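The structure appears right after this line, and notes come after that.
The values are calculated or read from the model by the stated rules, or taken from the named source; none is laboratory data. Just so it is clear, the model here is predicted, and its values are computed rather than measured. Reconstructed Cβ throughout: ideal geometry from the backbone, glycine too, with neighbour counts over all protein chains shown.
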Amino acid sequence: MNLYLFSRQFIKHSFFILLSFSVLHPDVVFANIAWNDTAYYFNERGQLLWCDVHAAQPNSYVIKTKKTNNEIFQDIPLNDASVQLSADYDTALVSNISRSTARRVAWLIRHGKINDPLVLENIVPILDKRIMRRMYDNIISRCTSGNAHQEHGGVVYPDGRVTCITGELSDAEEMEGASLYLKQKALVYYHSHPDACIEQRTADRGDAHNPNRVQFSQTSEVKTISYVQGPSRQDQESVGEGTGYVFGIKTSGGLIYIYDKDGIKATLPVAFVKRSYKPSGKQIKKKRIDTYVAGL
């Protein structure tokens, strides 16, 4: 369970942030996959930088994240004595690169230098965009019909099938984290972190007397419970030899976090799975992906 609390005096404000995690059990290697011969290269904003129609094998790549730990977990306030993490919670590690390196890699890719050692060291293979769209659609369809205080997710099999299940209902008021137990074995696991929020209000009332009147003073406390969007350390440790995708389901500006046992490697905006490829320049040779098959 993962949670932290922050409190402020105003009247007095207390904020709780509930972080969610999943238990993952990976084991299977992708094999016998039918591919086309196109590789797509994206930056962290989801922009298509280059399309290689003569790739040795089809795939998609994104430049490693340049976001710092504080930027990935910006919904956790720093240096606030009122913050209290839930039991055994910690954030996933962030394996980022510098902004200057990210800019250099993007420049090389835009100029077709996709085999440059700097590029090869600083890109992350990602799933086919349509597969990610299926994952997202599964989550959203269940979020719409189900309770907001749950994680939704599943696995991606070698043949491109995407499963979807719903986790246990969390009791945010009791500071219990949302969780999802994935029993299937695969190399790709995904789940959502909810955007639900609960406010609790309490009031303490006291009185003071003098000969002419009775005065009442009142203080109130507001506790806000919500879910942190990025992966937890439990997510990171549970993915084993596989790759995990966490969809941060925020009402605006949500991110897809891509991580493995070493930590968060890349991010993409959730909007990435909602839009079609838009070529920008002559280097883009192909507009669409022709397969639903997932690839690492």
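All conditions but one from (1) touching an Asp or Glu at 6+ places or on another chain (Cβ under 7 Å); (2) modelled with pLDDT under 55; (3) over 22 Å from ASN138 (Cα atoms) apply to LYS285; the one that does not is (1).
For the range 229-249, residues that are touching a His at 6+ places or on another chain (Cβ under 9 Å), outside any strand (DSSP E or B) and either over 13 Å from TYR189 (Cβ atoms) or of a type in the set (Lys, Arg) (or both) total 3.
Of everything listed in (1) outside any strand (DSSP E or B); (2) at pLDDT below 65; (3) surrounded by 13 or more Cβ atoms within 10 Å (Cβ to Cβ), the single unmet condition for ASN212 is (3). Taking first residues from the range 149-164 that are acidic (Asp, Glu) and partners that are part of a loop (DSSP other than H, G, I, E, B), the Cβ contacts under 8 Å between residues at least 6 apart in sequence or on separate chains come to GLU151/SER20; GLU151/GLY167; GLU151/ALA178; GLU151/PRO194; ASP159/ILE33; ASP159/VAL293.
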